[in-house]
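The values are calculated or read from the model by the stated rules, or taken from the named source; none is laboratory data. Bear in mind the structure is a predicted one, so any value in this text is a computation, not a measurement. Glycine also receives a Cβ, built like all others from the backbone with ideal geometry; neighbour counts cover every protein chain displayed.
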Amino acid sequence: MWFLGAGTSRSAGLPTATDIIWDLKLHHYCLHENQDLQLHDINNKAVKQKIQTYMDSKGYPTSGSPEEYSFYFNLTFGDNYAAQQNYINEALSGDKVSLNVGHRALAALLEMGKIKIIFTTNFDEVIETSYANVSRKNLSVFHLEGSYAALNALNSERFPFYAKIHGDFRYQSIKNLAKDLRDNDSKLQECFLAASTRYGLIVSGYSGRDNNVMTMFREAMDQNNAFPYGFFWTVPRICEAAESIEELLEEARNKGVQANIVETGTFDEMLSRIWRQVEGKPQLLDNKVRTAKVASVSIPLPSPGKQYPILRTNALPIIKTPEQCGTVDLCDSITFSEMKEKVIEKSPNAILSYTDRILFWGDEAEVLKVLTDKKIKSLQPFEFSNEMKERVAYSSILKSFFEEALVTATCSGKPLLIRRRAKNYYAVVRADASGNEAFADLRNVLSSMSQNTITGSVPGLPGVTWAEAVSIHLEDWGDNLWVLLRPDIWIRPLTRRQEARDFLRQLSLKRYNKRSFRLLDAWIKILLGSLGHGNVVEVACFQDSTYGAAFEIGTRSAYSRRYGNA
């Protein structure tokens, strides 16, 4: 049997207990401090800190305290059950549910009889919805209004069934207020205790916050033959397990129960891995669980063109990408946005990204600057498999990670500035290096257009400067990675680019055909030091660091012939 907490519903788009606590804090703060609710983003770290400082000044429970949940429900609703029910009904609305692979796999395991019973502290309809979606049946659900029938269902083995020990938000009896959370409904607790002498238990997505639930677990362990097939508490990371969980499992082991904390990754990761190991899966159920399958397609491409004219493109082939980078194994959890904030704040001489793990190029010491407030298990190499490299084409996060390294590598050791506008990277000529020999070809091309400089001030706009630049973009075409180069003009400050549109138009009037061709040549030589002849050039960044990134790029740009049979 399984015991589910709010963490299992979070991937379906529903809030966890922690999310609800912060929402209640936000509403309380804005109400009593006369603040505009819409101007306070609770996901912003600074806003959270301000609100928690206010709560601390009032002597309210400290952040993360087990008392927070019931305290803020009491503070907000008092004994008003109708208001409490309306709030939960809105927070856990079925309209917000988005079923993921974890819920579908769990439902399929219920249908196959691999899972017989699920107990939960949740009020939402995620499990019922997923079961109906996968099996086309209704799941028997017991809550505080029908708790007397749960034990009967267990004794008569009418499996599978689902028991909500804190009630159902669609009904009056839900347990959120402090006096409600002291005791579980006696019939549901009796059902759990009886089941715990017959089956093992997997706990998932549950923080151990409710003392009454933890007490119920302890009472179950006091029975003879408690959890005969084991007691397993799953967590995304071992180091995230609360001390109370460690203590509970230690008590279980002292009573002869096989009890362990299991690091599983997210709920979806765990269930998808379990589903892959299940033998004898009915194809119909497998199709319901694995809704996103790769299907091979065969769309014939036209035969290569043979006619003139030959069109040159601005794409250079990437022959080889880096084989490895570094990875950080954290004890603490971190989000992508949190990590990006830290990178902006610390400005390390390194490139970091976050997928299901932290990846980086550069020196380990630079990475540690970003993660000073995090507990780090280890820093180690991460090898890019062929599958991982293929993901660069369709993963925006990985693509951005490789693109930033590519831009850094092509500009490394050259008198160029790396700048970014929107989602595009630019290599910009440094004003103090406009006479550098590296830009000789660029100056020659532009002098033929009556342009005497490659940097300067924008006429009529005091304080606004310009410089020759080229955008550098990583793209996937025909199962190959390419570097796309597009010559441009950089305006500084960027916020005044619109004011310089007339100046930009005048500079671009003569940049077409042969001159555009030569301008692209000049930038290829600046970035790669070579041009054409089928040469392959290696560019690299962080070469003297623990983890460098090296790319091999062809210097002959791709071209296309006119389609035809002649």
Margin query: Out of the helices (runs of 4 or more DSSP H) lying entirely within region 1-57, which hold 3 or more residues that are under 26 Å from the mean Cα position of the chain (by Cα) and surrounded by fewer than 16 Cβ atoms within 10 Å (Cβ to Cβ)?
Written below: 45-57
Check: Which residue out of 72, 60, 87 is of a type in the set (Ser, Thr, Tyr), buried (at least 18 other Cβ atoms within 10 Å of the Cβ) and assigned to a loop (DSSP other than H, G, I, E, B)?
Finding: 60
Next item on the list: Determine whether region 440-450 contains at least one residue that is in contact (Cβ under 8 Å) with a residue 24 or more places away in the chain, more than 28 Å from residue 537 (Cβ to Cβ) and out of contact with any Cys (no Cβ under 9 Å at 6 or more places or on another chain).
Entry: yes
Checklist line | Selection count, region 365-392, where residues are assigned to a loop (DSSP other than H, G, I, E, B) and either outside the structural domain of residue 484 (by TED's automatic domain parsing) or surrounded by 16 or more Cβ atoms within 10 Å (Cβ to Cβ) (or both) | finding: 4
Checklist line | Condition met for residue 457 (among the hydroxyl-bearing types (Ser, Thr, Tyr), farther than 28 Å from residue 402 by Cβ and in contact with a Lys or Arg (Cβ under 8 Å, 6 or more places away or on another chain)) | finding: no
Margin query: Yes or no: region 257-274 includes at least one residue that is in contact with a strand residue (DSSP E or B) (Cβ under 8 Å, 6 or more places away or on another chain), surrounded by fewer than 11 Cβ atoms within 10 Å (Cβ to Cβ) and more than 30 Å from residue 410 (Cβ to Cβ).
Written below: no
Check: Would you pick out the residues in region 262-274 that are of a type in the set (Val, Ile, Thr) and in contact with a helix residue (DSSP H, G or I) (Cβ under 6 Å, 6 or more places away or on another chain)?
Finding: 264
Next item on the list: Determine whether region 48-55 contains at least one residue that is more than 23 Å from residue 338 (Cβ to Cβ) and of a type outside the set (A, V, I, L, M).
Entry: no
Next item on the list: Taking the options 130, 140, 135, 156, name whichever one is assigned by TED's automatic domain parsing to the domain that holds residue 198, small (Gly, Ala, Ser) and in contact with an Asp or Glu (Cβ under 6 Å, 6 or more places away or on another chain).
Entry: 135
Next item on the list: Please state which of the following conditions residue 459 fails to meet, knowing it meets all the rest: (1) touching a residue at least 40 places away in the same chain (Cβ under 8 Å); (2) closer than 20 Å to residue 417 by Cβ.
Entry: (2)
Notebook entry, point to check: If you take the residues in region 275-304 that are among the β-branched types (Val, Ile, Thr) and either in contact with a helix residue (DSSP H, G or I) (Cβ under 8 Å, 6 or more places away or on another chain) or in contact (Cβ under 8 Å) with a residue 60 or more places away in the chain (or both), which one is surrounded by the fewest Cβ atoms within 10 Å (Cβ to Cβ)?
Noted result: 291
Check: Taking region 327-363 as the search range and keeping residues that are touching a Leu at 6+ places or on another chain (Cβ under 6 Å) and closer than 19 Å to residue 389 by Cβ, which one is surrounded by the fewest Cβ atoms within 10 Å (Cβ to Cβ)?
Finding: 327
Note to self: If a residue must be over 24 Å from the mean Cα position of the chain (by Cα) and in a strand (DSSP E or B), how many such residues does region 400-435 contain?
What the structure shows: 8
Item checked: Filter result (under 26 Å from residue 484 (Cβ atoms) and polar (S, T, N, Q)) within region 350-384 -> 353, 355
Notebook entry, point to check: Within region 412-421, is even one residue over 24 Å from residue 240 (Cβ atoms) and loosely packed, with under 14 Cβ neighbours inside 10 Å?
Noted result: yes
Next item on the list: Among residues belonging to region 328-346 that are in contact with a helix residue (DSSP H, G or I) (Cβ under 6 Å, 6 or more places away or on another chain) and of a type in the set (D, E, K, R), point out the one that is farthest from residue 400 (Cα to Cα).
Entry: 346
Item checked: Pairs, first over 15 Å from residue 266 (Cβ atoms) in region 236-252, second surrounded by fewer than 15 Cβ atoms within 10 Å (Cβ to Cβ), C-beta under 6 Å, six or more apart -> 239/331
Next item on the list: Would you check if residue 362 is assigned by TED's automatic domain parsing to the domain that holds residue 470, of a type outside the set (S, T, N, Q) and farther than 22 Å from residue 470 by Cα?
Entry: yes
